[in-house]
Every structure is written in structure tokens, then in C-alpha cells.
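A quick write-up on the structure given underneath.
None of the figures in this text is laboratory data; all of them are computed from the coordinates on show. Because the structure is a prediction, the values reported are computed rather than measured. Cβ placement follows ideal geometry from the backbone for every residue including glycine, while neighbour counts extend to all protein chains displayed.
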Amino acid sequence: MKPIYKRILLKLSGEALAGQQKMGLDYDVVLDICKAVKEIADMGVEVGIVVGGGNFWRGRSSGKMDRTRADHMGMLATAINALGLADALEQLGVDVRVQTAISMQQVAEPYIRNRAVRHLEKGRVVIFGCGTGNPFFSTDTAAALRAAEIDADVILKATNVDGVYDSDPRDNPDAQKFDTLTYLDVLNKELQVMDSTAASLCKDNSIPILVFNLDNPENIVSVVTGQNLGTIVKE
Ligand code: UDP
């Protein structure tokens, strides 16, 4: 099996790392995801990962808290996930670096674009923590931003549904799955692919987004080798 991409940006939600418990980290689940990441890295694919933090904290669900502070907490949550992923990848023998958008130099490298690209060229997986480093943004927007910066061929957005539907397939048995969509479809129909800031950034920089189901982590290998899974959003 040959990869169809040279460099990818994998977006993992925090929830994807929590397993059945929905909160915190399930290390076995993390290991399973990382085994698939190792498979594609071993094929020579350059892998950047942006990880969410919703398994610990989400700024927008913080109730009475000051939003900026709550978002700072959310970004720190993504750093925990980034370290968890890095640990699992290292245990599997993968060369990995964590770079964070908020400096925590005792813990991880600061985000430096050229350095990240150099790591990728050397075959290291780079995990981007702390989102964009700014409150009021999401890690989907961070994924779009980092993908543009590192010139990724595609954003692989791992979710818990097998693509984008015209309504929620968990509520509506007649929901129709889209195979392809345009950025404008996503923006105009307010489809729950990613938030509008992230979708606009992808549109402006022509970065395709492939939405697929992570229930089976091997799907990461399937989409990278060109199997027809999920929904692709492009021009
Ligand atoms: N966050 C932020 N700026 C960013 C990215 C994330 O403030 O650029 C905060 C925000 O509070 C968000 C939390 O980090 O709710 C976790 O990220 P996200 O909700 O995107 O994680 P996911 O839903 O993918 O697990």
C-alpha cells in the first residue's frame, strides 16, 4: 500500500483519546491511535498532529468563568494530551517532538515553524500543543493554521462519525452522507465539520479536509493510502 500524501496534518479531538470513559486519557486508546500513526510514518508520510483538549476542559463550556482564562485552561489541556501522545509514540519507537504555542520550555519546545518543518523532513512526528496560543479559537482552527504553515497536503480530521451528513445520523436514520463537499457548502449550510473560522482558513488556503471515523484507528492508514472513506471538503 502506497501513501497518496507526502505531508499530513492529523487533527485528533481530545475526546478521541478518552475512550469509553469520555474524560481524561485512556492510554490503551492512545496507543492504538499511535500504532496507526507509526504505520503511516513508517511509510514515509510526514505527520503533524494537532490535538484538542475537550477530554479535560473546553473554554466555551466553562459557564461563569472569564472566557479568556477558561480558554487558557483549555489550551493547557491540549498540552497534556500532546505529552500523552508523545509518550505513546516514543514507546512505539517513533521519533517525536512536541511544540507548544504557549511557551513551557521545561516541558516542550516552543512552536517555531521552520524548526517544525525540519523535524518533519527528518521523519519526526511533530505534535502541536496549545492550539493557536490565543483564546477564542479552537484546535480545529489551529489545525488549519498549522496545516497552512507547514504546507500540509491535507487535514485528516478524525471524528466519531464516518463522514459529514445532512443531519445527525444518531438522531435521523434517513440522514444522507456526503462523499464530497465544497468549503462554501460547509460555511453556508453550517455543517458541523469544523467551526467557520477553521473552514474559512482552509478555504482561503485551499487545504482539503478529510473527515473520517476514528472508531477504528486503522482508518488513518486507509485514508492515507487513498481508500474511499469519509467525506472530503475541497474547492
Ligand atoms: N483553545 C483556545 N485556543 C486555541 C485552541 C484551543 O483557547 O487556539 C482552548 C479552548 O478553550 C478550547 C480548548 O482549548 O475549548 C480545547 O480545544 P478544543 O475545544 O478545540 O478541543 P477538542 O474539541 O478538539 O477536543
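Per-structure values
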{"read-out": "Within region 7-30, tally of residues that are more than 14 Å from the ligand (Cβ to nearest atom), under 17 Å from residue 213 (Cβ atoms) and either in contact with a strand residue (DSSP E or B) (Cβ under 7 Å, 6 or more places away or on another chain) or not in a helix (DSSP H, G or I) (or both)", "value": "1"}
{"read-out": "Candidate set from region 67-91 (those that are among the small types (Gly, Ala, Ser) and more than 11 Å from the ligand (Cβ to nearest atom)); member that is surrounded by the most Cβ atoms within 10 Å (Cβ to Cβ)", "value": "82"}
{"read-out": "Whichever residue in region 166-179 is surrounded by 12 or more Cβ atoms within 10 Å (Cβ to Cβ) and touching a residue at least 12 places away in the same chain (Cβ under 8 Å) and, among such residues, is nearest to residue 196 (Cα to Cα)", "value": "166"}
{"read-out": "Counted residues, region 150-170 - those being among the polar types (S, T, N, Q) and part of a strand (DSSP E or B)", "value": "1"}
{"read-out": "Any hit, region 51-60, residues being away from the ligand (no atom under 16 Å from the Cβ) and either among the aliphatic types (A, V, I, L, M) or part of a helix (DSSP H, G or I) (or both)", "value": "no"}
{"read-out": "Index of the failed condition, residue 220 passing every other in (1) in contact (Cβ under 8 Å) with a residue 60 or more places away in the chain; (2) surrounded by fewer than 20 Cβ atoms within 10 Å (Cβ to Cβ)", "value": "(2)"}
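Conditions (1) within 22 Å of residue 224 (Cβ to Cβ); (2) assigned to a loop (DSSP other than H, G, I, E, B); (3) of a type in the set (Asp, Glu); (4) within 15 Å of the ligand (Cβ to nearest atom), marked per residue:
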site	(1), (2), (3), (4)
1	yes, yes, no, no
4	yes, yes, no, no
32	yes, no, yes, no
40	yes, no, no, no
47	yes, no, no, no
65	no, yes, no, yes
93	yes, yes, no, no
117	yes, no, no, no
